[in-house]
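Undergrad: Quick one: the structure is below, questions incoming.
The values are calculated or read from the model by the stated rules, or taken from the named source; none is laboratory data. All values derive from a computational prediction rather than experimental measurement. As a convention, Cβ positions derive from the backbone with ideal geometry for all residues, glycine included, and neighbour counts pool all protein chains shown. Just so you know, the surface numbers come from the protein's heavy atoms only, side chains and all, with ligands and any DNA or RNA stripped out. Shrake-Rupley method; radii C 1.70, N 1.55, O 1.52, S 1.80 Å.
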Amino acid sequence: AQSVTQPDIHITVSEGASLELRCNYSYGATPYLFWYVQSPGQGLQLLLKYFSGDTLVQGIKGFEAEFKRSQSSFNLRKPSVHWSDAAEYFCAVESSNDYKLSFGAGTTVTVRA
Amino acid sequence: DGGITQSPKYLFRKEGQNVTLSCEQNLNHDAMYWYRQDPGQGLRLIYYSQIVNDFQKGDIAEGYSVSREKKESFPLTVTSAQKNPTAFYLCASREAGGQSSYNEQFFGPGTRLTVL
């Protein structure tokens, strides 16, 4: 069965600074990977996804993620954080058998002025 | 605008009562999903349905039931057998047809259920 680990429960970053959120997955086949963002009390919005091809994936809101098979990682990055990026971020892997998503526990990002 | 609607946004229930959460989508997606979200635990799959009149249990189905009589609707009933039902519930949908760059799960805004 697939699984996802997000090692950082909470990250605080200054506005304008860079951000990196870690994600490690466990999956036997080629992984299909996603990053979602959730504002308090809201649903999830897709930031980006990796299916195949270029291992550096560009998403919305200036986010990017890099797939590294050797490290089983799919870390999310943003060069310069805005106050509106304060939210909870979830990494997920999709099963190729039944297209079910397995989510990490999430990383809460706080942005300080 | 295509999307997923969930109602109500907030729901209060007395212990021992069943309650049904609504999920409707107009994306013409075949697959629909119900998740439960608790602080610090991410999202856990309750039930999913790949096609009308068929559904499967997810990881935490005990105390929940679903139906899928129409493509656009996938209601979730939280029964009195669910020991700790207070949580945030999210519905999602996805196109069927395998994995491709076009297939991702789209989420509704969620329903917060509180048992009094």
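Undergrad: Can you send over the carbon and sulfur percentage of the accessible area for the range B:36-116, probe radius 1.4 Å, protein chains only?
TA: 49
Undergrad: Residue by residue through A:97-105, how many Cβ atoms from other chains fall within 10 Å of the Cβ on average?
TA: Across A:97-105, the average partner-chain Cβ count within 10 Å equals 6.
Undergrad: How large is the accessible surface per residue of the range A:1-112, computed with a 1.4 Å probe and reported in Å² as a whole number?
TA: 45
Undergrad: Computed on protein heavy atoms with a 1.4 Å probe, what is the summed buried accessible area for the chain pair B and A, in Å² to the nearest 100?
TA: 1900
Undergrad: Also, quick follow-up: Given labels modelled 7 Å from the Cα in the Cβ direction, how far is it in nm from A:Gln71 to A:Asp8?
TA: 1.3
Undergrad: Same structure, new question: Using 29 Å as the Cα-Cα cut-off, could you pick out the over-long pairs in B:Lys9/B:Lys83; A:Lys68/B:Lys83; A:Lys49/B:Lys14; A:Lys78/B:Lys70?
TA: Long pairs (Cα-Cα over 29 Å): A:Lys68/B:Lys83; A:Lys49/B:Lys14; A:Lys78/B:Lys70.
Undergrad: Roughly speaking, to the nearest percent, how much of the range A:4-54's 1.4 Å accessible area is carbon and sulfur? Working shown, then result.
TA: Values: 1040 of 2290 Å².
With neighbouring chains kept in place, the figure for the range A:4-54 is 45 percent.
Undergrad: Please calculate how many Å² of accessible area chain B carries per residue, with a 1.4 Å probe and no DNA, RNA or ligand atoms counted.
TA: On the way: 5620 Å² over 116 residues.
On a per-residue basis, chain B sits at 48 Å².
Undergrad: Next up: With N residues in chain A, what two-decimal value do you get for its Cα radius of gyration over 2.2 N^0.38 Å?
TA: Ratio of Cα Rg to 2.2 N^0.38 Å: 1.02.
Undergrad: Additional query: Leaving ligands and nucleic acids out of the surface, order B:Asp54, B:Asp38 by accessible area at 1.4 Å, largest first.
TA: The ranking, largest first, comes out as B:Asp54, B:Asp38.
Undergrad: Out of the range A:12-113, which GluC sites (Glu not before Pro) are coil in DSSP terms and have no more than 14 other C-beta atoms within 10 Å?
TA: Taking the range A:12-113 and a limit of 14 other Cβ atoms within 10 Å, the loop GluC sites (Glu not before Pro) found are A:Glu15.
Undergrad: List the residues, sorted by chain then number, that are 5 or more residues from A:Leu48 or on another chain and whose placed amide H is less than 5 Å from its amide H.
TA: A:Trp35
Undergrad: For A:Lys61, give me every one of the aspartates and glutamates with a C-alpha distance below 16 angstrom, ignoring sequence neighbours fewer than eight places off in its own chain.
TA: A:Glu15, A:Glu20, A:Asp85, A:Glu88
Undergrad: Taking the Cα-to-Cβ direction at B:Ser7 and at B:Ile60 and moving 7 Å from each Cα, how far apart do the two end points lie in nm?
TA: Using points 7 Å along Cα→Cβ, the separation is 2.7 nm.
Undergrad: Moving to a separate point now. Take every residue in peptide A:44-53, count the Cβ atoms of other chains within 10 Å of its Cβ, and give the average of those counts.
TA: The per-residue average across the peptide is 3.
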